[in-house]
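Reading through the C-alpha cells given below for one structure.
The values are calculated or read from the model by the stated rules, or taken from the named source; none is laboratory data. Quantities reported herein were computed from a predicted structural model and do not represent experimental measurements. Note that we place each Cβ from the backbone using ideal geometry, even for glycine, and neighbour counts take in every protein chain shown. Quick note on the areas: whole protein, heavy atoms, side chains included, nothing else; ligands and nucleic acids left out. Shrake-Rupley method; radii C 1.70, N 1.55, O 1.52, S 1.80 Å.
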Amino acid sequence: MRVLENLEPKKVFEYFEDLCRVPHGSGNTKQISDYCVDFAKKHGLSYTQDELNNVIIRKNASKGYENSPTVILQGHLDMVCEKDSGVSIDFLKDGLTLSLNGDFVSANGTTLGGDDGIAVAMALSVLDSDSLLHPPLEVLFTTDEETGMYGAAGLDTSLLKGKILINIDSEDEGILTAGCAGGARAEIKKAIRFGESKSTEKIVISGLAGGHSGVEIHKNRYNANKLMAELLGRIPNFQLAYISGGAKDNVIPNECECALSTDCDLDAIISDFIKDKQNSADPNLKITVTDGEELPVMDEEASKQIVKLICAFPNGVQKMNAQIPTLVQTSLNLGVLKIEEGNLVCTFSVRSSVNSEKVEILNKLENTAKDFGADYSDHGHYPAWEYRENSPLRETMIKTFENLYGRKPVVDVIHAGLECGFFCDKIDGLDAVSFGPDLFDIHTSRERLSVSSTQRTYKYLCETLKNLR
C-alpha cells in the first residue's frame, strides 16, 4: 500500500514515494539515476546520462512556446543519510519507510530526502504532463550534491542550451534565493598511538538539535563534537580509548561518544557541566555515563593533546554580513570526529560568501593543525553564487507569485551552498533562481515535508513556466 496515494498533486507525491523506495544516499546514486533514465525511455524523451550519474532529460515546448527560451529545471538526486540510534536500515540497500501525519510527510527514524527528492518528483511530474504549458525544457538531475556538489562540478555544461535555470533546492516557501555562499571541506589528521588495555567508561552526548550547517549554523545549537571536547577538558586526568561524533561535515553533529579510563568522579563533573550548558536552542541535552569495554588507551598526555586540538579549532559563525545583518557571511562546522587507521580525523565544512574569508579560515585550520603536529588537506571547493541585479527570471517569478498569492515573495541570499554557483560560473549569462516548498529539520531524522506547501509550490512552478514565453 502506498502511504501518499491520496495526496495531491497526485503525480508529484507518486514520484516522490517511488524515489523514497530507491536507496540514494550520496555516493550511491546509480540506481536512482537509472530510474530517471527509465522514466525518459518510457515517456519517449531524449536524455543524457554521464559517468557521474548526472541525468539530463529534454522535452519539447508546448504549442505556442516553440520560440521561447529554453528553461533548465534542476535538483539533485542524492540525500543525506542520517538515522536515530537503534533504527535498523541499510541505506545502501533499503528504501525509506514513510509516514503521513497531518500536513507532514516524514520517514520513520531517518532523514526523508525531501532535500532534494521533492525537486526530482516535481520535475518528473512536469515532464509527465501533456496539459501544462511551458517553454522547451532541459531537466537536470545532479549527483553527490550533499558531499561536495561533485555532480554539478563535473557536469559538461555544453550539453545544455538553456540560459534560464530554476533550481528547486530551497526549503522555505515564499522565498526566492538569488545568491549563496561558496565553500570547501577541510580535513585534519593527527597520528595517535595506543598502549595497554584498560577498563573504560563510555560517555555519550545526545539529544541535541543538530541540523544543516549552512541553514542553521546561526541558531546557537551545540556542536556535539566541540561540546565533548569541552567536557573532556574539565576532567583532570584520563586516558582516551576513542572519540566519535557526526557522519557528515555539512551536518551539525547532534551526538558524540567517547570511551576513557579515569579515576575521576565523572557523574559530578558531568552534573556541573550540564548546569553550565543550559541552552534554549538545545533544551534536550543529555549526557550519560556507562561502563565500557576493556580497550587500548592512549597515554594521558596524548589524550589531553587531542582535546586541546579539538578545542583550539574555530567553529560556528565567524562573521555576519554588514549589509544584511541576518545573513551569515562566514562559518565553519566540525561535522565529523573519529579515530580511523591510527589517526584522529576531524572534518570541517567551511562556508563564506567572501572568498578571502574562506581562505582565511582554511589557513587558520591549517596553522592550528601544524601547531599540534597534525596533517591538513582541503578539497571540494565550490564557488559563491553572486546576486544578479538584473534578472528577468526573478522578475517573472516575483510577478507570478504576487498574482497567485496577493503578496510579494522574499528575495534572499543564503549562507548554504547551492549548485547554482557552479552553473553560473560555468554558463555565461545564466539567469538563476532557487525556490522550494517548506521542509523542516533537513539532514536530521526529524526531517519533514509540508504537503500543503508542496501543493502551492508545484502550482507556482507550473504558473511560472507558463509565464516564461
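For segment 182-195, a residue qualifies if it is in contact with a strand residue (DSSP E or B) (Cβ under 7 Å, 6 or more places away or on another chain) and open to solvent by 60 Å² or more (accessible area, probe 1.4 Å), and the qualifying residues are Lys189, Ala191, Phe194. Restrict the check to segment 117-127 and report whether at least one residue is assigned to a loop (DSSP other than H, G, I, E, B), in contact with a strand residue (DSSP E or B) (Cβ under 7 Å, 6 or more places away or on another chain), modelled with pLDDT of 95 or more and open to solvent by less than 20 Å² (accessible area, probe 1.4 Å). No, every residue in segment 117-127 fails to be assigned to a loop (DSSP other than H, G, I, E, B), in contact with a strand residue (DSSP E or B) (Cβ under 7 Å, 6 or more places away or on another chain), modelled with pLDDT of 95 or more and open to solvent by less than 20 Å² (accessible area, probe 1.4 Å).
When segment 367-381 is filtered for residues that are surrounded by fewer than 18 Cβ atoms within 10 Å (Cβ to Cβ), of a type outside the set (S, T, N, Q) and assigned to a helix (DSSP H, G or I), the ones remaining, listed by number, are Lys370, Asp371. Only one entry in Tyr47, Tyr65, Tyr15 is farther than 19 Å from Thr143 by Cβ, aromatic (Phe, Trp, Tyr) and modelled with pLDDT of 95 or more, namely Tyr65. Filtering segment 36-68 to residues that are within 27 Å of the chain's Cα centre (by Cα) and among the aliphatic types (A, V, I, L, M) leaves Val37, Leu52, Val55, Ile56, Ile57.
Restricting Gly154, Gly179 to those that are open to solvent by 10 Å² or more (accessible area, probe 1.4 Å) and more than 30 Å from Asn367 (Cα to Cα) reduces the list to Gly154. Checked across segment 205-228, the condition of being part of a strand (DSSP E or B) and modelled with pLDDT of 95 or more holds for at least one residue. In this entry, Asp249 is excluded by the filter for residues that are over 17 Å from the mean Cα position of the chain (by Cα) and either modelled with pLDDT under 95 or over 30 Å from Val413 (Cα atoms) (or both). Among the residues of segment 386-428, the ones that are more than 17 Å from Asp172 (Cβ to Cβ) and not small (Gly, Ala, Ser) come to 21 in all.
Applying the selection to segment 399-417, what residues are of a type in the set (Phe, Trp, Tyr) and within 29 Å of the chain's Cα centre (by Cα)? Quick ask: steps written out before the conclusion?
The first filter runs over segment 399-417 and keeps only residues of a type in the set (Phe, Trp, Tyr), leaving 401, 405.
Across segment 399-417, the qualifying residue is only Phe401.
Inclusion of Gly86 among residues that are free of Cβ contacts under 8 Å to residues at least 40 places away in the same chain, part of a loop (DSSP other than H, G, I, E, B) and surrounded by fewer than 18 Cβ atoms within 10 Å (Cβ to Cβ) is warranted. Step by step: first the residues of segment 1-57, then only those that are among the small types (Gly, Ala, Ser) and over 15 Å from His76 (Cβ atoms), then the one that is least open to solvent (accessible area, probe 1.4 Å). Which residue is that? Restricting to residues being among the small types (Gly, Ala, Ser) and over 15 Å from His76 (Cβ atoms), the top hit is Ala40.
In summary, Ala40 fulfils each of the numbered conditions (1) part of a helix (DSSP H, G or I); (2) closer than 16 Å to Gly25 by Cα; (3) among the aliphatic types (A, V, I, L, M) with the single exception of condition (2).
Summed over segment 142-151, residues that are modelled with pLDDT of 95 or more, more than 18 Å from Phe435 (Cα to Cα) and open to solvent by less than 10 Å² (accessible area, probe 1.4 Å) total 2.
Taking the criterion of being modelled with pLDDT under 95 and not in a strand (DSSP E or B), the only residue of segment 173-200 that qualifies is Ala181.
Using the structure shown, decide if Ala191 is closer than 28 Å to Gln239 by Cβ and in contact (Cβ under 8 Å) with a residue 12 or more places away in the chain. Yes; evaluated as a whole, the condition is true for this residue.
Can we say Lys202 is open to solvent by 50 Å² or more (accessible area, probe 1.4 Å) and closer than 28 Å to Tyr47 by Cα? Before the answer, list the steps.
Values: open to solvent by 50 Å² or more (accessible area, probe 1.4 Å): yes; closer than 28 Å to Tyr47 by Cα: no.
No.
Looking across segment 53-67, the residues that are in a loop (DSSP other than H, G, I, E, B) and farther than 21 Å from Cys424 by Cβ come down to Asn53, Asn60, Ala61, Ser62, Lys63, Gly64, Tyr65, Glu66, Asn67.
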